Amino acid sequence: MTTDWSDPDIRDAVEGHERFKRQFERDKAFYRSLATRKQKPRLLWIGCSDSRVVPAQITSADPGELFEIRNIANVVPPATAWDDSVGAAIEYALAHLGIDDVVVCGHTGCGGIQALLDGLEPPSDTHLGRWIDYTRPAHRLVAAAQVGEAERLVETIKAHIQFQIDNLRTYTRVRDGLESGKLGVHGWLYVMETGDLLAYDSHAGDWQPLGRRDEP
Ligand SMILES: [Zn+2]
């Protein structure tokens with residue numbers, strides 16, 4: 001296995017890295033401090049793998065600020081599914097990094113949700129087919145609610161985020177944190193068309209733009 005430097009995709013990455021190294025040199029003190037102290041991220045961010053939805057970019061976060069789990073369609077399998085990749089990251093974030101806020105962030109135009117709406121059913125004996133199964137509860141809910149076609153995708157994406165938050169509560173650490181009032185769990189939607197973030201308000205049962213609010 002060798003790196004083919006003439007491959008344009010590889011060359012882009014290498015040139016990008018060269019630009020990064022120049023920035024690294026300029027901000028050396030900052031990067032050195034990251035390397036010499038333990039990480040202390042402020043959020044556990046559970047988001048989609050989609051290349052267009054970059055958590056650090058949409059929150060203007062610096063390295064060291066977000067601990068991320070990214071997978072297709074920002075899925076949180078229930079604890080009983082024993083998905084060790086997601087489960088271990090949740091446990092590590094809460095128990096070892098001391099993170100006290102978890103964001104589950106979906107996004108408009110999510111291909112992982114779109115798949116079943118388009119009738120694309122990856123075979124159930126593939127990893128993709130098994131993974132996409134986690135989006136079915138949202139699809140079933142929205143189908144039962146007879147949502148119009150124009151709104152179907154975004155409503156399914158929103159419902160899916162809420163289901164992932166329910167699943168998050170099946171993890172002991174999360175449940176304990178919520179019961180003691182020490183943990184915050186947030187459902188957000190990134191609107192790719194406008195750059196907005198919407199937050200789910202479980203009391204009002206609706207989605208509101210995320211923004212600085214005046215203190216009451
Ligand atoms: Zn997505």
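The numbers here are math on the coordinates, done by the rules we state, and not lab data. Everything numeric here is computed off the predicted structure, so don't read it as measured data. Using ideal geometry, Cβ is built from the backbone for each residue, glycine included, and neighbour counts are taken over all protein chains shown.
Close amide H contacts of residue 107 (hydrogens built in the peptide plane, cut-off under 5 Å, sequence separation of 5 or more or a different chain): 190.
Model label sites at residue 210 and residue 27, defined 7 Å from Cα along the beta-carbon direction, differ in position by 2.0 nm. Taking the number of Cβ atoms within 10 Å of each Cβ as an exposure proxy, the fewest-first ranking of 186, 203, 17 is 203, 17, 186.
Hand me the chymotrypsin sites (Phe, Trp or Tyr not before Pro) from segment 50-134 located in a DSSP loop with no more than 16 other Cβ atoms within 10 Å, in residue order please.
Listed in order of number, the matching sites are 82.
Backbone geometry of segment 121-129 corresponds, through the Karplus equation with coefficients 6.51, -1.76 and 1.60 at θ = phi - 60°, to 3J(HN,Hα) couplings of 10, x, x, 6, 9, 10, 4, 5, x Hz, x marking Gly and Pro.
Less than 25 Å apart at the alpha-carbon level, and either on another chain or at least 8 residues along: which lysines does that give for residue 38? Answer for residue 38, where 25 Å is the Cα cut-off: 21, 28, 182, listed by chain and number. For the modelled label position 7 Å from the Cα of residue 3 along Cα-to-Cβ, which residues of segment 16-30 have backbone nitrogen atoms closer than 19 Å? So the set is 16-25. Under the membrane-span-like helix rule (DSSP H runs whose alpha carbons stretch at least 15 Å along the helix axis, mean Kyte-Doolittle hydropathy -0.5 or higher), the chain yields 149-168.
With θ taken as phi - 60° and the Karplus curve 6.51 cos²θ - 1.76 cosθ + 1.60 applied, the whole-hertz 3J(HN,Hα) list for segment 37-49 is 10, 5, 5, 9, x, 9, 9, 8, 10, 10, x, 7, 6 Hz, x standing for glycine and proline. Placing a label point 7 Å from the Cα of residue 97 along the Cα-to-Cβ direction, the residues of segment 29-61 with a backbone N closer than 11 Å are 39-46.
Here's how it looks for residue 184: its modeled amide H is under 5 Å from those of 101, 102, which are all 5 or more places away or on a different chain. One Cα centroid belongs to segment 62-92, the other to segment 4-21; the line between them spans 29 Å.
Mind sorting 5, 188, 45 by how few other Cβ atoms lie within 10 Å of their own Cβ, fewest first?
With the fewest neighbours first, 5, 188, 45 line up as 5, 188, 45.
Equivalent ellipsoid of the chain: semi-axes from √(5λ) of the C-alpha gyration tensor, largest first, are 30, 24, 19 Å. For residue 73, the residues 5 or more places off, or on other chains, whose built amide H falls under 5 Å of its own are 49, 50, 112. Relative contact order of the chain, taken over Cα pairs closer than 8 Å and 6 or more residues apart, is 19 percent. If the chain linking residue 121 and residue 34 were pulled fully straight, counting 0.36 nm for each residue of separation and taking away their Cα-Cα distance, it would gain 27.0 nm.
The distance linking segment 99-128 with segment 138-202 is 12 Å (Cα centroid to Cα centroid, whole angstrom).
Is it possible to state the helix-based mean residue ellipticity at 222 nm for the chain, with each DSSP H run of 4+ residues giving -39500 (n - 2.57), the sum divided by total residues, to the nearest 500 deg cm²/dmol? What is it? All intermediate terms of the calculation are to be shown ahead of the outcome.
Values: 9 runs with 90 residues, N = 216.
Rounded to the nearest 500, it is -12000 deg cm²/dmol.
Taking segment 74-112 and a reference point 7 angstrom along Cα→Cβ of residue 130, the backbone N atoms nearer than 17 Å belong to 75-88. Within the shell defined by Cβ-Cβ distances under 15 Å, the residues around residue 148 carry a net charge of -1, with Lys and Arg each +1 and Asp and Glu each -1. Of the GluC sites (Glu not before Pro) found in segment 110-216, the ones in coil according to DSSP and having at most 12 other Cβ atoms within 10 Å of their Cβ are 193.
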